Every structure is written in C-alpha cells, then in structure tokens.
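Contents: one structure, followed by commentary.
The values are calculated or read from the model by the stated rules, or taken from the named source; none is laboratory data. Computed from a prediction, not measured in an experiment: that's the story for all the values here. As a convention, Cβ positions derive from the backbone with ideal geometry for all residues, glycine included, and neighbour counts pool all protein chains shown. These accessible areas exclude ligands, DNA and RNA; they are computed on the full protein's heavy atoms, side chains included. Shrake-Rupley method; radii C 1.70, N 1.55, O 1.52, S 1.80 Å.
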Amino acid sequence: MSDPSSLPPMPLLTVEGLVKRFGGVAAVDGISFTLEAGQIMGVIGPNGAGKTTLFDCLAGSQLPDAGQIRLAGQRIERLPAWRRTGIGLGRTFQIPRPFPAMSVLENVMLGAKDQAGERILPNWVAPGRVRRQEAACRERAHELLTFVTLASLSHAPAGSLSGGQRKLLELARALMAKPSLILLDEPAAGVNPALLEIIIERLLAMNRAGTTLLLIEHNIDMVARLCRHVLVMANGRPLAAGTPENVTSDPRVAEAYLGGAVA
C-alpha cells in the first residue's frame, strides 16, 4: 500500500467533460482542466467562445448537461450557488452590480456568510452574539476596503463609484466569505490604466495570501503578468492550453481571434 504522504496533492478544482447546451447549441462542449491550489489560471478566447457560460456552470447559476466539477475533492456540479459559496467558491462579474443606495461598507458586509443576525430567532434569544458578530463583520469589511484602496469611500453610496472602483468593491465583497477559489470575469473590462495596476497588484497580493484565482480576461498583457497557465476556448470547445507565451504564439489561437468564433 502506498504512503498517502507520498501521493501528489489533490487539485483544488477539477473539471471533467463539462457540457452546457442551449437548445441545439453547445455553449460549453467537453471542457476539462485542473487547477492547483495557489495557482492563477486564465481562460481566454474570442467573444462567444463560452467562457462566461463555463463560469456560470462552475458557480452554480447554470447547471451543466454533462460532466463533473470537483472543488477540493467534493462533487459540486448539482449544488446550488449558495452551497458552493459555503464551501469556498467566490465570484466576481464582468459588470459589477452593487446595491447603489447602500454604502460601500454595507455592500462589502453583505459578502459575509453564516451571520446569526440574518435569522430572526438569534436576534431575540442571543442579541449579544449578534452584536459581536456584526462588529467583527464590520471590522473585517473595513480591513478589506483598506486592502482594495477604498477605505476613504467606505461611507459613500456604492452607486457613486467608478467602474474600476466597483471592480475593487467586488473583490472586497468576494473576500468577505474567505473563499479558497475566486472566479474573476473580466476584471480589467472598462477599467482605466491607473486602477488596472491597482487591481493587478491586489490580485497578486490575494494570491500570495493563499487565494486561488481563475479569470476570464481579454487583456492578454494582464493574463501574461498574472497567469502561468492559460486555457483557450473557441466555439465552446478547448482549443489550446499552456503558458501565455505558448498559446498566444499558436496559429490556431490567432485564427480563432481573427476569424473564428462569433459573438
């Protein structure tokens, strides 16, 4: 019998033969990959390649028609999105949608999980516990806003933030749940160069602190700076995989971007 300590570590995320169809069209068609804990991996491809549908299946907003998804060894492809959040999966969106009338701080606090005050009974029978949890939640939210450079705007309405600042707000809110893996859908989209540098630096800092990242991104320079491994999709299928340098020099990738998949 082999020594368990000698076995290679289990991937944090394993995707096997994932398929998602809409009518007769396979938006995701046989995608397989693994993501090791501590990695930053990129998913690239032309518009219409199926990247966001892949993320929808991973996060639970869409259920796949076939295939398996394992997070830390646990099958999750049939779990609802809130259950996936509870076991360590976070997500940000291409177009952030904060609650505009709520403060930036309050928006971040919404990302916390397992808060007793969200249920009616603890507010009556254990109000002290609820107050302590809320105080700790508020303190952590302040720390995360400092981390994403938005502390000075903590009491501003979230609707007043710029597009880039909303991306940073989403990062802070995702981190409130202490995820092991965050799915990032185009974190550079619509962001000015100055804020983009802040986002890249914060993502690297998150990764150094132990958060694994899987991102969709059209900004190839950003992908090259962040990722050691890249998956290229076209027409819902895997087209190429490897280092950013290898995949961007692949003629099939150039063809897909210039004349392949359509939106």
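What is the calculated FRET efficiency for E245 to L204, with r their C-beta to C-beta distance and R₀ = 22 Å, to the nearest 0.05?
Calculated value: 0.70.
When the dipole is taken about the Cα centre of the chain, and only Lys, Arg (+1) and Asp, Glu (-1) are charged at their Cβ, what size is it in debye, to the nearest 20? Provide the component values of the computation, followed by the final result.
Values: 27 positive and 23 negative charges, 172 e Å.
Dipole size: approximately 820 debye.
With the other protein chains left in place, how much accessible area per residue, in square angstrom, belongs to the chain at a 1.4 angstrom probe?
Values: 13000 Å² over 263 residues.
Using a 1.4 Å probe on heavy atoms only, each residue of the chain averages 49 Å².
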Inset, instruction - Kindly express, to the nearest 10 degrees and within the range 0 to 90, the angle between helix 193-208's C-alpha long axis and the longest C-alpha principal axis of the chain. - result: 90
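How much of the accessible area of the chain, in percent, comes from carbon and sulfur atoms when a 1.4 Å probe is used?
Of the solvent-accessible surface of the chain, carbon and sulfur hold 56 percent.
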Inset, instruction - Note the angle between two axes, namely the Cα long axis of helix 163-176 and the longest principal axis of the Cα atoms of the chain, as a number of degrees from 0 to 90, rounded to the nearest 10. - result: 70
Inset, instruction - First measure r as the distance between the Cβ atoms of A66 and E134, then evaluate 1/(1 + (r/R0)^6) with R0 = 35 Å and state the FRET efficiency to the nearest 0.05. - result: 0.20
Legend entry - Dipole-positive endmost among V104, H229, L204 within the chain (Cβ charges, Cα centre): V104
Inset, instruction - State the answer as a single residue: which of T248, I40, S152 lies farthest towards the positive end of the charge dipole of the chain, with beta carbon charges of +1 for Lys and Arg and -1 for Asp and Glu, about the Cα centre. - result: S152
Legend entry - Heavy-atom accessible area ranking, 1.4 Å probe, most first, across T146, T52: T146, T52
Inset, instruction - Measure nothing fancy, just the Cα-based angle from helix 127-147's long axis to the longest principal axis of the chain, in degrees from 0 to 90, nearest 10. - result: 50
Inset, instruction - Read through the labelled values [x] -0.73, -0.77; [y] -0.35, -0.44; [z] -1.02, -1.08 and report the label of the one computed as log10 I(q)/I(0) by the Debye sum over Cα atoms at q = 0.08, 0.09 Å⁻¹ from the structure. - result: [y]
Legend entry - Per-residue SASA entry for H229, accessible area with 1.4 Å probe, Å² rounded to 10: 60
